[in-house]
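As structure tokens, the structure follows; a few thoughts come after it.
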Amino acid sequence: SPAGERGKRSAALLPESSGVIERSQTSEGGWFYFPTAGLEHENSVTVVQLQAMRAARNCGVKVNSSVVSKAVEYIRRCQSEDGSFRYGLDPTSKSSLALTAAGLATLQNAGRYDGPEVERAVREMWAEIMERERGAERADSGFPHYERLYVALALWTHSDRRLFERWFDFERAHVLKEQRADGSWHDEQFGNCLATAMNCLFLSINDGLLPLFER
């Protein structure tokens, strides 16, 4: 059947894809925008690569634990004293709610559910969310759908579920209002396909259907 053939193809390709990720990790532990182990690296790509490895492992693909450990340490080194996560290791590089949420969610998915770095990140992230709730202008990260999904993941996995429930109800209403008549969401920069996929993942998170969304 077509579904069976797709499954066989995925089973063959997933270990290869995971291998590309492992081979392209830099000596610092992060990744950049190209599948080669060059000199450049940054945090927003690193969190996505680590999430991909977690998803691969959930599907039964063997991943290199030393690669994961180096990546987790890289993300931890990108955290500032105030709890936020930066774009890279440079202490002067920018931080944002999107990066902080992504860093926190990735540490959680790597098994770091508590500890000082987690609590600092939660406090910093929640303070920004409360500022917005009080009417503060949103700092435009340029990646609103990325930001929303990672905030959802970070709060969903956190031990205090009241944070997720308070934030999710309001954010879900906002997202549903933005849905277009054909069922899609619009994104001028990256296209409607990405925006729609990200928002569908966001809306389904509390159903816990995907292994990555399991608490």
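Go through LEU13, LEU50, LEU39 for me and flag whichever is within 30 Å of LYS94 (Cα to Cα), loosely packed, with under 11 Cβ neighbours inside 10 Å and aliphatic (A, V, I, L, M). Working first, answer last.
Details: LEU13 fails: within 30 Å of LYS94 (Cα to Cα); LEU50 fails: loosely packed, with under 11 Cβ neighbours inside 10 Å.
After applying the criteria, what remains is LEU39.
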TRP156 meets each of (1) open to solvent by 70 Å² or more (accessible area, probe 1.4 Å); (2) part of a helix (DSSP H, G or I) with one exception, condition (1)
Residue list for the range 181-215, filter: open to solvent by less than 90 Å² (accessible area, probe 1.4 Å), touching a residue at least 12 places away in the same chain (Cβ under 8 Å) and within 20 Å of ASN109 (Cβ to Cβ): MET198, LEU201, PHE202, LEU203, ILE205, ASN206, PRO211, LEU212, PHE213
Quick test for you: out of GLU171, GLU165, GLU178, GLU131, pick the one residue that is farther than 27 Å from LYS70 by Cβ, open to solvent by less than 20 Å² (accessible area, probe 1.4 Å) and not basic (Lys, Arg). GLU171
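The values are calculated or read from the model by the stated rules, or taken from the named source; none is laboratory data. Just so you know, these numbers come straight off a predicted model, no measurement behind them. All Cβ positions, even for glycine, are placed from backbone atoms using ideal geometry, and neighbour counts span all protein chains on display. All accessible areas refer to the heavy atoms of the entire protein, side chains included, with ligands and DNA or RNA removed. Shrake-Rupley method; radii C 1.70, N 1.55, O 1.52, S 1.80 Å.
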